[in-house]
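First the structure, in the form of structure tokens, and then the observations on it.
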Amino acid sequence: MASALDEDTQQSLAAGRESVKAVLRSIQKDLQKVFIVFMLGFLGTFWALRIYVWDFLKRVTEANMTPEVAERTEIIAQTPFEVILLQAKIGLIIGGIVALPPLIYFARDELRDRGMWPDSPVARWKLVVIGLLAVGLFSVGVAYGIYAFFPIMFSFLAGFGLEAGLQPTYSIVMWTEFIVFLSLSFGLAGQMPLLITGLSYSGIVQYETFRDKWRYAVVAIFVFGALFSPPDPFTQLMWAFPLVALYGFSLYLAKLVVTAQRSSDRIDVFDAIRNHWNVVAGAGVLGGGLVYAFYEYGGRTGVNDLLRWAGSDWRFLPPGGGLGLDPITAAALYAVGWAGAFAFVATLWAVYVDLDTTSAGYQYGDPAAIDVGELDAAGVQAAPDEPFVEMTEAESLALAQAALDDDDPEKGQAILDRFDAVADEREADDDDGSDGDAASDGITNSVGDRTSRASSTFLSELTDGEDAEDDIGGYYKDLRFIFDSLRSRSFRIVAVFGGVMAAVFTWLYLGGLRTIVSDLESRVPAEIDGGISVITLHPVEALIFMVKVSVLFGLIAVFPVLLYYAWPALRERGFVAGRIRQVYVWAGSLFAGLVGGFALGYSYIAPGIIGWLVTDAADAHMIITYQVSDFLWLVIFTTIGIGFLADVPVLMVLLNKAGVPYGAFRGRWREVTVGVLLFAAVFTPADVITMFLMTVPLMFAYGVGLGVLFLVTFGGKRNLSPPAAIVDR
């Protein structure tokens, strides 16, 4: 039997296995030392979590809460071994991270023999500087999350939950992982300057790519913040603005390093400081003066008043407060530190100015250092040959790609033409011009037609040629034709989806969620003492539920719009029959079934099921506490879910009217059952009972639909429409 992996992949995997075995063999004598380091990290983490970390995280959580909210916020363990297993898991992770450096160190000889270790020695001071920068940036990111972001975030989440009638009772596992993962994300985000600078310096990613794609980076930062932070604007801005500023600072450092790399023989840091001594000295004086003014002229008092107004318990202490220093000495140390920081930034500016003028040929007239990425198409064509002589093929493709992404294909083609021309001249001098022409054509074609070639290659792999496309019944062509017909209407479709989603989320956020919870709680039988308590085990559980429900309503609302715009293409391909006015019949019928089922479920079925469950638990003398996601999804399944069940027979009648005969529905019930089981397995919790709880009602509704069609079509003898072309495939 042929392997699913090609030969190159198999060889790579085999080489990787051999490398791992060789590394492990080479460090056998040192494994005991690595294991000791691992155990120290594991036991130290385990001890710290028990003695200090839990209380510290609880203080961080309640730091910005009012006393009333903090009193009602609880951290609970759901299983007997949950806390100790969580400590063990975190200890294993920290132990593995701590043991990794000595593991690599002891395996350095084997790594060097396999070409995985630098041959030329790297100065230790450089490694120390890089390590200190990485640790410092990571620590700053984590500190920002713990001391600034989390207190405000948890205060909002707990307060919002209580206002919505939800008890903030967080699971210790979910609560801890939430804090740890977000703290790690801030710490990793703090590595952005080091990462961007390193990638630019090594040439893995061109600096021009980071510079030209800054808009996409800003959008990605705000989108990530919208997904992982509460929906209030203040918290999202607290997430996004520091990262945007950090991205800008990273770009500055990257340009500084790359320019220094390209002009390393033409710049001296001390010369730059001497050339701009007035700016460097003035920046140092400004930094020290700001510290003096902050403490002397009421800056500390004003900031503390602002923090108190915002509800934060954090305050700026007097100089030396908490450090055991007298105010004068502490203020002097603060002033010296900030003066040094300002002078350092000014030094970077001075070096950048001298490097910029030097590298661009401004001072020395070096045309080879011209930045081609900053030129327009005419500038590229008029530029001398020197920049393209020094340029590699990968750099030319990267610059051309950046121009294409900026909707400037003329500039991209000009870069490739100039690079090809210079390459042809160089190869002609070496009497090897034919290969250069072929490479030139390959480069131009790879940029000009890469999208169409990629899509055609994917299609050929997917369909295995024209025969395979015919074998699958031409469904790919049909679907592609339908999607192409929707492309020009995509803005309106997205606008409807986004508008409905935003409206539903806003209603839930501004009180709709509390209205639903309160209304359902009011229907609990009066004899149940204390009623029910709905809790949130995860800090953002309620927000995630609101987003999911908003997406669900957005999909429901966008369905008739999709159907309207896709109807002509569906009719042309034989999926449906009738004029476009049939869309109104489809949309109206399905909407009526959905609304009718929802009204029935919300008025009778949902309260009845909840009342029965509550009474059963109360009779067993249990404390009735429901997790918000489980409780509200039960409500969704017994309200909107009833509407979907009502729509199954309605949809079957509509499809029969569109040309799907009764015999097809009756003969394909096995395929429908498998499809429903697959759907239930994906969209329900991972247990068999809930999967069948969804599958059985849907198949019952399908059976009702078959019964309705049997009556309407006289057992399939008189279908509402002749069979469509799609049925014969």
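None of the figures in this text is laboratory data; all of them are computed from the coordinates on show. Here the structure is a predicted model, which is why all the values come from computation and not from measurement. Quick reminder, even Gly has a Cβ in these numbers, built from the backbone with ideal geometry, and neighbours come from all protein chains shown.
Residue ranges 299-306, 538-545 sort as 538-545, 299-306 when ordered by packing (mean number of other C-beta atoms within 10 Å per residue, highest first).
Couplings 3J(HN,Hα) for segment 128-141, derived from phi with the Karplus relation 6.51 cos²θ - 1.76 cosθ + 1.60 (θ = phi - 60°), are 5, 5, 5, x, 5, 4, 4, 5, x, 5, 4, 5, 5, x Hz, where x marks Gly and Pro.
Exposure proxy ranking for ILE415, ILE535, ILE609, based on other Cβ atoms within 10 angstrom of each Cβ and starting from the fewest, stands as ILE609, ILE535, ILE415. For segment 135-223, applying the loop criterion from DSSP together with a ceiling of 16 other beta carbons within 10 Å to the trypsin sites (Lys or Arg not before Pro) yields LYS213.
Pairs exceeding a 31 Å alpha-carbon distance, out of LYS89/LYS255; LYS213/LYS477; LYS255/LYS411: LYS89/LYS255; LYS213/LYS477.
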